Amino acid sequence: MKPGIFAAVVLLPVGLAQGQVTLTSKDMFSAIGQYYRVYAGSGNYDVATLNLATKGGPQTWDFANGPTNIIYRYDYVGTNDGGVAADFPLASMVERQTSESSGLVKGRLFLRQTPGKGRINYGFYTPDEQLPEGQFNPPITDFPDPLTYQGSWSLTTSFPSTIDALGTAVDIVINYTATATVDAYGTVILPGLGPVDCLRVNEQDQQDTQIDDGSGTLTNVETDYIHIYYFLSPGRGIVAEVHSQQSTAGAPPDNFTTAAQFTRLFDFNRAVPTQGPSPVTDLELTRAGTSFVLNWSKPANTASFRVEYTANPAGTNAWQILTTTTKVLAIDASPDLTQPRFYRVVSLGE
């Protein structure tokens, strides 16, 4: 299975007509401790009656009824979740997808919400898939801020990976491109939540798989296409998704009638947790030339860190501030090597 990848970089806003809405980063899930849950269907689901090809608005999409055989829960957790935080040092949170029926984690996205720019996606980690990890180069802004009707954007990114070919690990590169347009607006009716305002994003994705033939030359061995509709609502973020079947024969049309995935929001919690920041538990000090480098993972409910040092940790008022930082990396370039020096990192709340 190919990894799910999302799209967007530059939004071209236009004037709004009556009945349209504008979405910003504040409408997306962006705080550790928040979550949402969706009903999902697997396999070939008939979406011929969903009126997907019609553009403009206002429209009404009745998603009150649909598949309920799968429930996915999306939790927003710290970047140390999954144990690969070092591969995504600029992310501030993880969107973790869990199947409630099996309890298995299906995947993680490493994200940062940036007001005025949007949701920055640094990559994914799906340990049970054939392509377990992708570090996007460059990162992508998959939902811009602001998001308005008739806005359009495109993106290009790539990431290295490996696949198993008859028991042999083969190095590959995935080149990913996408185009997206907010092509419709109106009301979506959700199971248990009723009608809500929404914008619809119409996205076409292309994924080229390339293999090194041994000479350093990359050869394209497969091109895959998928068509995705995202429905986004104020204060709720993504409330529904409809994914076409994956195709190697070209981009699926706007009016595709069979979906590989159809998800609908039915429960969510955007409340910010009241608990304080979790402590740093994995502080490491390593030497790099004449400098010493402090490394640690970002724990839950933290926004920044205060790095402190002392020559006498048992003394009164012995700790002094070296720096305050939002990064998980601090460098002391000129320590006095003739004296012992101790460091600690204090987590600061969001």
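The listed residues are 294, 265, 283, 218, and the only one of them that is surrounded by 13 or more Cβ atoms within 10 Å (Cβ to Cβ) and either within 24 Å of residue 20 (Cα to Cα) or of a type in the set (Asp, Glu) (or both) turns out to be 265.
Identification of strands (runs of 3 or more DSSP E) wholly contained in the stretch 156-267 with 2 or more residues that are more than 29 Å from residue 88 (Cβ to Cβ), out of contact with any Cys (no Cβ under 9 Å at 6 or more places or on another chain) and modelled with pLDDT of 90 or more yields 168-190, 194-212.
Take the residues of the stretch 37-81 that are within 24 Å of the chain's Cα centre (by Cα) and among the basic types (Lys, Arg): which is farthest from residue 237 (Cα to Cα)? Result: 73. Taking every residue in the stretch 198-215 that is closer than 15 Å to residue 181 by Cβ and pairing it with any residue that is among the hydroxyl-bearing types (Ser, Thr, Tyr) and not in a strand (DSSP E or B), at least 6 positions away or on another chain, the pairs with Cβ-Cβ distances below 7 Å are 199/149. For the stretch 301-315, taking the residues that are surrounded by 15 or more Cβ atoms within 10 Å (Cβ to Cβ) and modelled with pLDDT of 75 or more, the one that is nearest to the chain's Cα centre (by Cα) is identified as 302.
For (1) surrounded by 15 or more Cβ atoms within 10 Å (Cβ to Cβ); (2) closer than 22 Å to residue 201 by Cβ; (3) outside the structural domain of residue 302 (by TED's automatic domain parsing), each residue gets a yes or a no:
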site: 49; (1), (2), (3): no, yes, yes
site: 65; (1), (2), (3): no, no, yes
site: 82; (1), (2), (3): yes, no, yes
site: 87; (1), (2), (3): yes, no, yes
site: 93; (1), (2), (3): yes, yes, yes
site: 97; (1), (2), (3): yes, yes, yes
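The numbered conditions (1) in contact (Cβ under 8 Å) with a residue 40 or more places away in the chain; (2) more than 24 Å from residue 225 (Cα to Cα); (3) surrounded by fewer than 22 Cβ atoms within 10 Å (Cβ to Cβ); (4) not aliphatic (A, V, I, L, M) are all true for residue 103 except (1).
None of 318, 330 is modelled with pLDDT under 80 and over 24 Å from residue 77 (Cβ atoms) except 318. All of 97, 130, 59 fail the test of being under 30 Å from residue 168 (Cβ atoms) and at pLDDT 90 or above, apart from 97.
One line per residue, one yes/no per condition, for (1) out of contact with any Asp or Glu (no Cβ under 7 Å at 6 or more places or on another chain); (2) more than 20 Å from residue 78 (Cα to Cα):
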site	(1), (2)
116	no, yes
121	no, no
170	yes, yes
178	no, yes
181	yes, yes
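The values are calculated or read from the model by the stated rules, or taken from the named source; none is laboratory data. Note that the structure is predicted; figures quoted are calculated from it, not measured. Heads up, the Cβs are rebuilt from the backbone with ideal geometry, glycines too, and the neighbour counts pull from every protein chain shown.
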